[in-house]
Amino acid sequence: MLYLEQSVFKIILLSKNKQIHDFLSEIIHSAKFENASINILHAYSVEECKTIVVNNSDTALLFIDSENTINLRSVNNELFIVTYIRDVLKNKSLQVILRNNFSGKYTPDKIIMKYEINQFIYNNLDSSMTLSSIFASLKAFENIEASEKGKKGLEQVIKSSSNIFEIHSLHKFAVGMLNQLSLIIKSGSNLPFLSTSCFVASKKGNHFYILLGRGRFSSHINENVFDVISTKTMKEFKTVVSAKKNKYSRDHFILYFNNNSDYQMLIYFEKLKKLPKSSVTIIDLFCKNMNIAFDNVCLNHELESTQKEIIFTLGEISEVRSHETGHHVKRVAEYSNLLALRYGLTQREAEIIKLASPMHDVGKLAIPDSILNKPASLTNEEFEVMKTHSKIGYDMLKSSNRKLMKSAAIIALEHHERFDGTGYPYGLSGNDIHIYGRITSIADVFDALGTKRVYKDAWSLNKILLHFRREKGRQFDPKLIEIFFENLDKILTIRRTFSD
């Protein structure tokens, strides 16, 4: 069941005669217009009418009762209010009925040439005819408003679609969908603000889990949808998923999305007030547009997931080949993410470092086993060969246009540079070393010193921390070292979580 477009109609009665006010109020309140209520606003002068119109821009009808012979040239012409409404307030929707005896030279056909008046009533106020004119005007107003809402809704759909088509992240897609749907609902219902609860859920395995929630669902992220909705609503969800169609009810709706790979998503809005039919039409159109965007987001999500897996696997391969633990790259990734966030980088940048840092030693795949796994110190010649792994890793990754791969290339190249300029391969110093390289350097060295390698035993935590303090401003960025010690408890929690 859906609500009518308009639930309350405002009518302004402009007349100097109180009997006319009483008569019109009585006949209007005695009838019903499509189950909508009518609010009558009384004005006894043009100035009073002006104030009411300004304060009630959603007024549907102005009924002007003019007892005097109409003189279009008179400064006391009551019809000036119509000019004010149409030309000053730019209100073309409000309907105007004029009642007069039209005994002078200005008959309705001449009046309508100058003023946008919708209907005329001669002096004899017949209840039935007057009521018919009023209801016809209200219906005309409703149709005009529905048309305007449709136009604005379509503009919103076009604007929203172009914005969301640029989104490639599933989470950002969910945020965009809730934002745009809220705007459509708010606009269509003439609400100053929207107070509702809603969520976006994606399917994992056999269940839907909340990806993003607002209102009462904001505290249920990652929870099974069926654990937070009623049994009745659960049945509706199952019907929607089975039929693969949107479902609208009087105070809530469920939207269904899926793509060619059977990735499924649901959007749910509840506690809605009087959702108009025009809003439903616009939401359906919006969803059809967004199905294409959803396909694109899912495809991008799949590509990114595959890319992340490849990067992580290559990182692990390089560690396994050098007889190092596979958990080393996991820990380096988590340390790097933490340091990046505390340093002040964006969530997106921190995520990129987390995903790219496992590739820091990928160039070791080209280093001979005799050097890579030598259970003793390297000779000067062997160390020169080992140092080439940073440039080799960079060359392996640099050709990609993807942000993630370019970041991995930078990390592979610069994670052995030192803050004082004595590192390799280029002897960069200070902020000339990319922040990605400076962060990964600390994460890599901390983990490497604390784990057993073929050429050394694991260092104690105290020995590592003493080394870090000594190397502040020498091997490591001093600001990052401060951040490291400020978050040492979190660093150690990561170390325990991903222990070998």
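FYI, it's all coordinate maths here, none of it is from the lab. Quick caveat, the model's predicted, so the values are computed rather than measured. So basically every Cβ, Gly included, is an ideal-geometry build from the backbone, and we count neighbours across all protein chains shown.
If amide hydrogens are placed 1.01 Å from N in the peptide plane, which non-local residues have theirs closer than 5 Å to the one on PHE476?
When sequence neighbours closer than 5 places are left aside, the close amide H contacts are PHE419.
Taking neighbour Cβ counts within 10 Å as the exposure measure, how do ASP489, ASP361 sort from fewest upward? Could the numbers behind the result be given before it?
Working: ASP489 7, ASP361 28.
Listing ASP489, ASP361 from fewest to most nearby Cβ atoms yields ASP489, ASP361.
For a protection proxy built on the mean count of beta-carbon atoms within 10 angstrom, sort 347-358, 379-390 highest first, please.
Details: 347-358: 20.8, 379-390: 15.2.
The packing order, highest mean first, is 347-358, 379-390.
With θ set to phi - 60°, apply the Karplus curve 6.51 cos²θ - 1.76 cosθ + 1.60 along the range 223-228 and write out the HN-Hα couplings as whole Hz, x wherever there is a Gly or Pro.
Along the range 223-228, the couplings run 8, 5, 3, 5, 8, 10 Hz.
What is the order of VAL225, VAL454, fewest Cβ neighbours within 10 Å to most? List each step's numbers first, then the result.
Numbers: VAL225 21, VAL454 12.
Going from least to most buried by this count: VAL454, VAL225.
Past 31 Å, Cα to Cα, is the threshold; run LYS398/LYS479; LYS235/LYS277; LYS139/LYS271; LYS32/LYS244; LYS186/LYS245 against it and keep the listed order.
On the way: LYS398/LYS479 28 Å; LYS235/LYS277 24 Å; LYS139/LYS271 28 Å; LYS32/LYS244 39 Å; LYS186/LYS245 23 Å.
Over 31 Å apart, Cα to Cα: LYS32/LYS244.
Check which residues have an amide H placed less than 5 Å from THR451's amide H, if you skip close sequence neighbours.
Amide H neighbours of THR451: TRP459.
Apply the Karplus curve 6.51 cos²θ - 1.76 cosθ + 1.60, θ = phi - 60°, to the phi angles in the range 399-405 and return the couplings in whole Hz, x for Gly and Pro.
Result, ordered by residue: 6, 6, 8, 6, 4, 4, 5 Hz.
Rank the residues THR231, THR196 as a footprinting-exposure proxy: fewest other Cβ atoms within 10 Å of their Cβ go first.
Values: THR231 7, THR196 19.
With the fewest neighbours first, THR231, THR196 line up as THR231, THR196.
Any chance you could list the semi-axes, whole Å, largest first, of the equivalent ellipsoid that the Cα gyration tensor gives for the range 353-395, using √(5λ)? Intermediate results must be reported in sequence, preceding the final value.
Working: eigenvalues 93, 23, 14 Å².
That gives 22, 11, 8 Å for the three semi-axes.
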